[in-house]
Amino acid sequence: MKGMFIVMEGPDGSGKSTQIELLKEYLNETGRECVITREPGGTVIGEAVRSIILNPEYEEMSDVTEMLLYAASRAQLMAEVIVPALKAGKVVISDRFVDSSIVYQGIARGLGMDTVAAVNQPGIGENRPDCIFFIDISEEEGLRRKKEQKNLDRMEQESIDFHAMVSRGYREVLAGREEVVYIDGSDSVENIRKKIQEEVQKRIADEGKKEPGVKMDRP
């Protein structure tokens, strides 16, 4: 059985975590073994990096440092978790992947999409998601949801203008790509769940037609 690499992307507060758990439950019911991970994090090293990146006390962190830390965490996650799981025929569901860095650091931080892609290339190699679910919500709604949770991390505490650039950046970077499935994040949790599960079911049925980790023109 072939592995499948699924990524959930979207602005802060889009509901990715909820949908990841619902999708995991569904796949387990169908007999598919799932590996759930997140960025930054997913490994002992990655979680240590996460505690640095998202610590709101580190206001002095430079944009370049931030980009490199995300890339380092991702490289470790690929080597230690994602690639071995795919080779073992498992379904990997990741909360964010390289597109998030291209959006957050490349666009919102202004470092450039090509720069961020190049920095991440050694860590991810030829591996790309088979399917990306982009849960799209407005920056206002995303921040409203996050503020209800309190204890905002360093990225979540950024200005509304920053989060607006993130929302626009996602729409730009993911537009027109065949592996991307657009999800209206303002819809109900149940409707989103159904749409995601239907899409995954369809792709599992077609999974024999291509190898996992197909290379895309742009990460």
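Numbers for the structure displayed
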{"quantity": "Per-pair calculated FRET efficiency, R0 = 35 Å: residue 88 and residue 149 via Cβ, rounded to 0.05", "calculated": "0.55"}
{"quantity": "Protection proxy ranking of 95-104, 143-152 - average other beta-carbon atoms within 10 Å, highest first", "calculated": "95-104, 143-152"}
{"quantity": "Amide proton proximity set for residue 180, modelled H, under 5 Å, gap of 5+", "calculated": "132"}
{"quantity": "Spherically averaged projected area of the stretch 117-171 from its Cα convex hull (nm²)", "calculated": "5.3 nm²"}
{"quantity": "On Cα atoms only, tilt of 139-149 relative to the major axis of the chain in degrees", "calculated": "90 degrees"}
{"quantity": "Listed residue (84, 65, 54) projecting farthest to the positive dipole end of the stretch 5-162, Cβ model", "calculated": "84"}
{"quantity": "Convex hull per residue volume in Å³, alpha carbons only, for the stretch 1-95", "calculated": "96 Å³"}
{"quantity": "Whole-Hz ³J(HN,Hα) from phi, Karplus 6.51 cos²θ - 1.76 cosθ + 1.60, for the stretch 34-39, glycine and proline x", "calculated": "10, 10, 9, 9, 8, 10"}
{"quantity": "Carbon/sulfur fraction of accessible area - the stretch 70-181, other protein chains in place, 1.4 Å, %", "calculated": "49 percent"}
{"quantity": "Pairwise centroid distance, computed over Cα atoms, of the stretch 102-149 with the stretch 158-206, Å", "calculated": "12 Å"}
{"quantity": "Nearest 10 degrees, 0 to 90: helix 113-124 Cα axis against the chain principal axis", "calculated": "50 degrees"}
{"quantity": "Accessible area (Å², per residue) of the stretch 1-147, counting only protein heavy atoms and a probe of 1.4 Å", "calculated": "39 Å²"}
{"quantity": "Value at 222 nm in deg cm²/dmol, rounded to 500, when DSSP H runs of n ≥ 4 in the chain each add -39,500 (n - 2.57)", "calculated": "-14500 deg cm²/dmol"}
{"quantity": "Shape box of the chain [Cα atoms, principal axes, largest first, Å]", "calculated": "47, 38, 32"}
{"quantity": "Relative contact order, percent, the stretch 1-148 [alpha-carbon distance under 8 Å, six or more residues apart]", "calculated": "43 percent"}
{"quantity": "Cβ-placed point charges (K, R +1; D, E -1), dipole of the stretch 8-114 about Cα centre in debye, nearest 20", "calculated": "440 debye"}
{"quantity": "Rel. contact order, % - alpha carbon contacts under 8 angstrom, at least six apart, the stretch 63-152", "calculated": "32 percent"}
{"quantity": "Using alpha-carbon coordinates, inclination of helix 160-174 to the longest axis of the chain, degrees", "calculated": "30 degrees"}
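The values are calculated or read from the model by the stated rules, or taken from the named source; none is laboratory data. Fair warning: this is a prediction, and the values are worked out from it, not measured in the lab. Because the Cβ atoms are built from the backbone with ideal geometry, glycine has one as well, and the counts that use them run over all protein chains shown. In case anyone asks, the SASA skips ligands and DNA or RNA and just uses the protein heavy atoms, side chains included. Shrake-Rupley method; radii C 1.70, N 1.55, O 1.52, S 1.80 Å.
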